[in-house]
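Worksheet: the structure to be examined is printed underneath.
The values are calculated or read from the model by the stated rules, or taken from the named source; none is laboratory data. Computed from a predicted model, the values in this text were never measured in an experiment. Backbone-built Cβ (ideal geometry, glycine too); neighbour counts: all protein chains shown. All accessible areas refer to the heavy atoms of the entire protein, side chains included, with ligands and DNA or RNA removed. Shrake-Rupley method; radii C 1.70, N 1.55, O 1.52, S 1.80 Å.
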Protein chains: 2
Amino acid sequence: MTQQHPAQPVNLAQKASLISEQWSPRVVAEMNDYQFKVVRIEGEFIWHSHPETDEAFFVLEGTLRIDLPDGPVYVAPGELYVVPRGIEHRTAAEGEAKLMMIEPRGILNTGHEGGDRTAMNDLWI
Amino acid sequence: MTQQHPAQPVNLAQKASLISEQWSPRVVAEMNDYQFKVVRIEGEFIWHSHPETDEAFFVLEGTLRIDLPDGPVYVAPGELYVVPRGIEHRTAAEGEAKLMMIEPRGILNTGHEGGDRTAMNDLWI
């Protein structure tokens with residue numbers, strides 16, 4: 001199912017809470033060729049980068065840790081952080097965190113790393 | 001001042017509260033050629049459209065009313081709404097609302113309407 005422009009506003013945290021599995025991003029809205037995705041995470045992801053695009057993270061609940069080459073950044077609820085294109089990063093959370101991510105349609109969660117942490121793309125909720 | 005990639009996370013509501021005037025969007029971060037802006041609004045804006053781009057609104061505090069050709073949509077804190085490109089719309093709020101907007105760099109708040117409600121573009125906070 002795709003719904004280019006939801007007729008009703010989207011409650012991001014509520015949408016995230018509907019996702020059955022952690023680390024499984026779901027699209028909730030689109031803006032031009034960009035997608036808004038929500039995801040529940042806990043523990044550590046894998047190091048990866050997106051050479052073709054910046055990637056925005058907005059925290060809904062919990063605390064997001066983004067490991068970067070120069071050390072970690074902690075992102076609290078209501079805070080936004082943009083990982084620049086090409087910069088290696090690893091998302092992590094002690095306890096569950098709910099996030100919104102914004103990036104161009106077609107970007108994989110593992111960048112060019114691949115592997116079994118790669119999530120299905122373009123799934124809506 | 002421009003700062004392509006803030007080294008620290010940006011607290012959106014806190015940034016919005018620093019803006020001295022209502023209806024004066026300020027850029028807080030960029031993602032590729034898109035800008036994240038925060039704004040404080042109260043009362044009604046003017047009807048306008050952006051023929052070249054969708055426009056995303058995320059509510060931080062208060063309630064945003066978006067008047068659309070088919071009637072108003074009310075957007076609460078934590079909710080996201082995307083106005084499709086080319087659709088006439090008018091933002092409004094009874095009492096103050098704090099918002100984040102996301103759109104390509106260079107988009108004017110009044111679209112192609114112009115007039116004295118047009119805000120300076122590309123101002124950071």
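Quick look at the numbers
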read-out: Condition met for residue B:77 (touching a strand residue (DSSP E or B) at 6+ places or on another chain (Cβ under 9 Å), of a type outside the set (D, E, K, R) and open to solvent by 50 Å² or more (accessible area, probe 1.4 Å)); value: yes
read-out: Matching residues in region B:5-31 - criterion: being small (Gly, Ala, Ser), more than 12 Å from every other protein chain (Cβ to nearest Cβ) and free of Cβ contacts under 8 Å to residues at least 24 places away in the same chain; value: B:20
read-out: Complete set of residues in region A:47-65 that are closer than 19 Å to residue A:110 by Cβ and crowded, with 21+ Cβ neighbours inside 10 Å; value: A:50, A:54, A:55, A:56, A:57, A:64
read-out: Region A:5-31, subset at pLDDT below 95 and open to solvent by 50 Å² or more (accessible area, probe 1.4 Å), residue farthest from residue B:77 (Cα to Cα); value: A:5
read-out: Selection within region A:17-40 - farther than 27 Å from residue B:86 by Cα and of a type in the set (Ser, Thr, Tyr); value: A:17, A:20, A:24
